[in-house]
Amino acid sequence: QVQLVESGGGSVQAGGSLRLSCAASGHTYSRNCMGWFRQAPGKEREGVARIDSDGNTRYADSVKGRFTISQDNAKNTLYLQMNSLKPEDTAIYSCAAVFCGSWVVLAYWGQGTQVTVSS
């Protein structure tokens, strides 16, 4: 089974940048589609970005132009580059396998990483 470990979170000021990593313990990117999700206190979990094996990506409207999802197959790692961070980006970010072409989560393997953006 695949396990995912997220890292790279932290506390930054508005306008700053962070790059999140999701290290997979198994072969994932050739057999599963992956995505990043986030959840802030008192709010519903939302899909942030996803990528499929063809390299197609999809982003939530709130992060378009600021976030970039990518993957390194050689390292079996998923990334989320976050630029121009806003306080409303504050949340716990998790990676997960998704049903390709959708935001439907098949499984969460990581425990998430906290991102805090101060104004």
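The solvent-accessible area of THR68, taken with every protein chain present and a 1.4 Å probe, is close to 70 Å². 3J(HN,Hα) along the range 62-70: 5, 10, 4, x, 10, 10, 9, 9, 8 Hz, from the Karplus curve 6.51 cos²θ - 1.76 cosθ + 1.60 with θ = phi - 60°, whole Hz, x for Gly and Pro. Using a probe of 1.4 angstrom and keeping all protein chains present, the accessible surface of the chain works out to 53 square angstrom per residue. Backbone N atoms of the range 88-119 closer than 12 Å to the 7 Å Cα→Cβ label point of GLN13 belong to residues 118-119.
Report the net charge of residues surrounding ILE51, where surrounding means a beta-carbon distance below 13 angstrom and charges are Lys +1, Arg +1, Asp -1, Glu -1. For residues surrounding ILE51, the net value is -1. Karplus-derived 3J(HN,Hα) values for the range 83-91, using 6.51 cos²θ - 1.76 cosθ + 1.60 with θ = phi - 60°, are 10, 6, 5, 10, x, 5, 7, 4, 4 Hz; glycine and proline are entered as x.
Measuring nothing but protein heavy atoms, the accessible surface of the chain at 1.4 Å probe radius is 45 percent carbon and sulfur. Per-residue 3J(HN,Hα) values for the range 72-77, derived from phi via the Karplus relation 6.51 cos²θ - 1.76 cosθ + 1.60 with θ = phi - 60°, read 10, 5, 4, 9, 6, 10 Hz in sequence order (x marks Gly and Pro). The GLU46 and ALA74 beta-carbon pair, evaluated with R₀ = 30 Å, returns a calculated FRET efficiency of approximately 0.50.
The values are calculated or read from the model by the stated rules, or taken from the named source; none is laboratory data. Keep in mind it's a predicted model, so treat the numbers as computed, not measured. Neighbour counts run over all protein chains shown; Cβ positions are idealised from the backbone, glycine included. Accessible surface is based on the protein model in full, side chains and every heavy atom, while ligands, DNA and RNA are left aside. Shrake-Rupley method; radii C 1.70, N 1.55, O 1.52, S 1.80 Å.
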